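See structure below.
Every number in this text was worked out from the coordinates using simple rules, so none of it is lab data. From a predicted model like this one, the values you see are computed outputs, not experimental measurements. Because the Cβ atoms are built from the backbone with ideal geometry, glycine has one as well, and the counts that use them run over all protein chains shown.
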Amino acid sequence: MKTETMKQIGILGTGMIGASMAVLFTGNGYKTTMFAINDAEADSGRGRYRTYYKDLIASGLVTYDQAAACENLLCITQNYKDLENVEFIFECVVERLEVKHAVYAEIEKHCGRFKAIASSTSAISADDLCMGLKQKEKLAVAHPWNPPHLVPCVEVVKSAYTSDEALMTIVDILESCGRAPVVMKRGAPGFIGNRLQHALYREAAYMVEQGIASPEDIDKTLKTSFIPRYTSIGLFEHFDYAGLDMIVSIHDYLFPTLCNADKAQDLIRVPCGEGNLGYKTGKGVLDWSDVDIDAFRKRASKPYLGFFNWTLPEKKDGEL
Ligand SMILES: NC(=O)c1ccc[n+]([C@@H]2O[C@H](COP(=O)([O-])OP(=O)(O)OC[C@H]3O[C@@H](n4cnc5c(N)ncnc54)[C@H](O)[C@@H]3O)[C@@H](O)[C@H]2O)c1
């Protein structure tokens, strides 16, 4: 449910994450103003926003009329003054500290009413980010997973200065949009999800390099063995259920054989150095030349459609 007191949300940046957050906030009935640096960014932001809604309509989750009612709540501006009444800001600009600090300075100059600012940063610490604000207590990191309008988890990290009020504002708004915010006890590189994901990827690359299995068979094992379980129960739940005595035996036997590389492995580094970057160049660890990319994208988003739980705004008479 929309938080009744929140009047207007501001988004900084119109890229992949900014446009997706705009879909999420308007999709849950919030008036949203998205800041673009120039005409081209404003147009591409609007285009992305509409593409995300087109996909939601095609998936049967949103009707055309509902999408139109959502877009009525969106304003795209190139003028910071239009953000003067926003109470909550989601910052989604490029991953450069000096750019993030520059936009925070504009926010403090033009927005007198904001209660909290959440940064979507993938890697920069909340302690470094808040140094760009006079009101340091209003910022926390809220790291979304792409695309945030479909993936519920948002990893929230406080700085040493973040106030309880700002943290509550961020958590309340995310929950009101059906997200699943996880407030970390302290910051750590990769937050939670990417630490888990890349630990798995490191071991997968190691198994390929050691001639244990092919990338295709590792992917097949993931999709058909334990990964589906973890959409409905957790890792700790599963292993407590299995019995910790068995897990201790497995860990003592297995851990000495697992990968402990402390930098990117050759399986990835070598093709990368040769310009084989994956899908975008046609070849990475896998060959992408014959892959139907639309079908791939549909497969990638399909599991998340089941999480769809928005409170869509009502269409009023006379609206588009
Ligand atoms: N793409 C992902 O998968 C992903 C996932 C989680 C978090 N993030 C984080 O979200 C943030 C945005 O990433 P993205 O993928 O949307 O990037 P993007 O390149 O798609 O968009 C970046 C946006 O920043 C804007 N921008 C650049 N300079 C600016 C300035 N001086 N003032 C205002 N706006 C400016 C650009 O116009 C663009 O709209 C980054 O911090 C990134 O680390 C990205």
Restricting things to Cα coordinates, could you compute the convex hull volume per residue of the chain in Å³? 169
Residue among Phe90, Phe307, Phe35 with the largest mean-square fluctuation in a Gaussian network model of the chain, springs linking Cα atoms under 10 Å: Phe307
Which residue, Cys177, Ala188, Ile247, has the largest displacement toward the positive end of the dipole of the chain when charges sit on each Cβ (Lys, Arg +1; Asp, Glu -1)? Cys177
Choice from Leu73, Leu222, Leu200 with maximal GNM fluctuation in the chain (Cα, 10 Å cutoff): Leu222
So, by mean Cβ neighbours within 10 angstrom, what's the order for 135-143, 287-295 with the highest one leading? 135-143, 287-295
Only Cα pairs within less than 10 Å get springs; with that Gaussian network setup on the chain, which residue of Tyr80, Tyr53, Tyr241 has the largest fluctuation? Tyr241
Relative to the Cα centre, what is the charge dipole magnitude of the range 8-188, using +1 at the beta carbon of each Lys and Arg, -1 at the beta carbon of each Asp and Glu, and rounding to the nearest 20 debye? 140
Whole-angstrom Cα spans of the range 8-188 along principal axes, big to small: 44, 33, 25
Ser119 long-range amide H proximity, modeled H, under 5 Å: Glu91, Ala140, Val141, Ala142
222 nm [θ] for the chain, helices only, -39500 (n - 2.57) per DSSP H run of 4+, per residue, to 500? -13000 deg cm²/dmol
About the Cα centre of the chain, how large is the charge dipole given +1 on each Lys and Arg Cβ and -1 on each Asp and Glu Cβ? Please answer in debye to the nearest 20. 400
Could you give the spread of the C-alpha atoms of the range 193-274 along their three principal axes, from largest to smallest, in whole angstroms? 46, 27, 22
Links exceeding 21 Å between C-alpha atoms in this model, out of Lys109/Lys158; Lys54/Lys298; Lys263/Lys302; Lys220/Lys283; Lys223/Lys298; Lys100/Lys134, come to Lys109/Lys158; Lys263/Lys302
For the chain, share of DSSP beta bridges that run antiparallel, in % to the nearest 5: 25
Mind listing the long-range amide H neighbours of Phe88? Cut-off is under 5 Å, sequence gap 5 or more, other chains count too, H placed in the peptide plane at 1.01 Å from N. Gln8, Gly10, Lys115
